[in-house]
Amino acid sequence: MDRIHEEQYGQLALTNILASVWLGDWDRYEVIFRNMDEGLKLNFPFHADYNREDVELWYENHFFIPGDYFLSPYYSSYIGNKDDSEERKKNLLCLIGLYEKMGFHFPLEQDIYPDHIGCIMAFIGAIQQEKIKAQNNEMMNNLTSIEQEMIMNYILPVVKAMNENVVNKVRTPFFKKFLPYFQEVLIQEYSIYKEI
């Protein structure tokens, strides 16, 4: 396998890990880490604190149950004027348009809103899978452009805003390490495309 394909598969594996955490898909998360080389696991500092029972409980507290520890996992909760429903609707329709353009039906299948960070990460994973199969440079460039747009416009702004609340709200070591890791790894992976 050439170096470019190795990098693409590595990036896809990373995206799958990140998406599984955001979606609370612990079965998938465990399969990924069960099949991973022990040395490679050290690159994921949050994994050392993984205890399924605790992580499931705090996942619910942080991302589902409104209260003192809640962090919204939705793009529309962070971007723009909170009272401007038209702006929020426009952003959501743009996101849905991208999904439809790519034939991505994951939100409907999972019964979640399309602007959930886990859904957006799953979409990025689908784009990365298509990049691996791309037959020409034009197709690769188009897919790369969409991937960059998703990260820059829909993920990084949300994660930066969310991380401001991490210190006060997050109580479990797994998520205390995961959330800053998530932001840091995306900035490292995509900073070459845009000044962050």
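So for region 104-123 (the condition being open to solvent by 10 Å² or more (accessible area, probe 1.4 Å), closer than 16 Å to Thr15 by Cα and polar (S, T, N, Q)), does at least one residue qualify?
no
For region 146-163, give me each residue that is within 14 Å of Val185 (Cβ to Cβ) and either open to solvent by 40 Å² or more (accessible area, probe 1.4 Å) or charged (D, E, K, R) (or both).
Initial filter on region 146-163 (within 14 Å of Val185 (Cβ to Cβ)): 151, 155-156, 159-160, 163.
Scanning region 146-163 gives a single hit, Lys160.
Return the residue satisfying two criteria in turn: it lies in region 158-196 and is at pLDDT below 75 and among the aliphatic types (A, V, I, L, M), and of such residues it is farthest from Tyr74 (Cα to Cα).
Ile192
Could you check region 1-101 for helices (runs of 4 or more DSSP H) lying wholly inside it with 3 or more residues that are under 30 Å from Asn141 (Cβ atoms), open to solvent by 90 Å² or more (accessible area, probe 1.4 Å) and out of contact with any strand residue (DSSP E or B) (no Cβ under 7 Å at 6 or more places or on another chain)?
Result: 3-23.
I need every pair where a residue in region 138-166 that is in a helix (DSSP H, G or I) has its Cβ under 6 Å from the Cβ of a residue that is open to solvent by 40 Å² or more (accessible area, probe 1.4 Å) and modelled with pLDDT under 85, sequence separation at least 6 or different chains.
Taking only residues 6 or more apart or on different chains, the pairs are Gln148/Tyr193; Met152/Lys194; Val158/Tyr78; Ala161/Tyr78.
Which ones in region 102-137 are assigned to a helix (DSSP H, G or I), modelled with pLDDT of 80 or more and among the hydrophobic types (A, V, I, L, M, F, W, C)? So that I can check it myself, show each step before the final result.
Restricting attention to region 102-137, the residues satisfying the condition of being assigned to a helix (DSSP H, G or I) are 102, 106-110, 117-133, 137.
Then drop every residue that is not modelled with pLDDT of 80 or more, which leaves 102, 117-133, 137.
Passing the criteria: Met102, Ile117, Cys119, Ile120, Met121, Ala122, Phe123, Ile124, Ala126, Ile127, Ile132.
The values are calculated or read from the model by the stated rules, or taken from the named source; none is laboratory data. What you are looking at is a predicted structure, and each value in this text was computed from that prediction instead of being measured. No Cβ is skipped: glycine too gets one built from the backbone with ideal geometry, and neighbour counts run over all protein chains shown. The protein model used for the area step is the full one, side chains on, heavy atoms only, and it has no ligands, DNA or RNA in it. Shrake-Rupley method; radii C 1.70, N 1.55, O 1.52, S 1.80 Å.
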